[in-house]
Amino acid sequence: MQTILLLECLLLWLALSGGLGLGELLVGFIVSLAGAGLFTIMFRKESSWQPRPVSFCRVAARVGWACITLVIFVYEVFASAVRLARTIVRGGRVVSRVTSYPVSLQSPLAVTVFSSLITLTPGTLAIDYIPQRRALYIHCLSEKADAAPLASIQKLENLIKKVAEC
């Protein structure tokens, strides 16, 4: 597991540094070795979580769902931006409200990605997540007082759930 983490860190370092020279490779290896070591020390097996064996079908399904999620998210960003801009340009009344959204995602990483995607969507902002209640507080801008972009948020959560649980 630590070897895979080391290789992933090294590949990420090389991709971000933009070079394949001996200097980039050496510095990347040292930084990756330190990062993998720190990660292993910080996240020892203190929990009962065990990784599932890696299978090609599972990885392919996860990549497929991630691509679908990305396409739908980009569409939702543009649709939300157009909807919000149209309301503002027409001089319509924009209603601001905070709503509690029940989150069904299990993984903390999935909840983090979900709340980040909500924040990146125009007109919505993830404010806080309460793990005990499994509730995410979202600030929404909408045209009507009773309308909130909860349908698109629900669709986004379902897609992230498919990516995370493949």
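The values are calculated or read from the model by the stated rules, or taken from the named source; none is laboratory data. The structure presented is a predicted model; accordingly, all values stated were derived computationally and were not measured. With ideal geometry, Cβ positions are generated from the backbone for all residues, glycine too; neighbour counts draw on all protein chains shown.
Summary table
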{"quantity": "Conditions (1) without any contact (Cβ under 8 Å) to a residue 60 or more places away in the chain; (2) surrounded by fewer than 16 Cβ atoms within 10 Å (Cβ to Cβ); number of the one not met by V113", "calculated": "(2)"}
{"quantity": "Residue in the range 70-122 that is modelled with the lowest pLDDT, counting only those that are out of contact with any helix residue (DSSP H, G or I) (no Cβ under 9 Å at 6 or more places or on another chain) and small (G, A, S)", "calculated": "G91"}
{"quantity": "Any hit, the range 89-101, residues being outside any helix (DSSP H, G or I) and of a type in the set (F, W, Y)", "calculated": "yes"}
{"quantity": "Selected residue (criterion: surrounded by the fewest Cβ atoms within 10 Å (Cβ to Cβ)) from residues of the range 123-166 that are at pLDDT 90 or above, of a type in the set (A, V, I, L, M) and not in a helix (DSSP H, G or I)", "calculated": "I130"}
{"quantity": "Number of positions in the range 96-124 that are in contact with a strand residue (DSSP E or B) (Cβ under 6 Å, 6 or more places away or on another chain) and among the small types (G, A, S)", "calculated": "4"}
{"quantity": "Scope the range 77-127; condition in contact with a Leu (Cβ under 6 Å, 6 or more places away or on another chain), more than 22 Å from K161 (Cα to Cα) and of a type in the set (A, V, I, L, M, F, W, C); matching residues", "calculated": "V94"}
{"quantity": "Hits in the range 68-107 - residues which are of a type in the set (G, A, S) and either farther than 17 Å from A126 by Cβ or in contact with a Gly (Cβ under 6 Å, 6 or more places away or on another chain) (or both)", "calculated": "A79, S80, A81, A85, G91, G92"}
{"quantity": "Every residue from the range 24-60 that is modelled with pLDDT of 80 or more and either surrounded by fewer than 10 Cβ atoms within 10 Å (Cβ to Cβ) or among the β-branched types (V, I, T) (or both)", "calculated": "V27, I30, V31"}
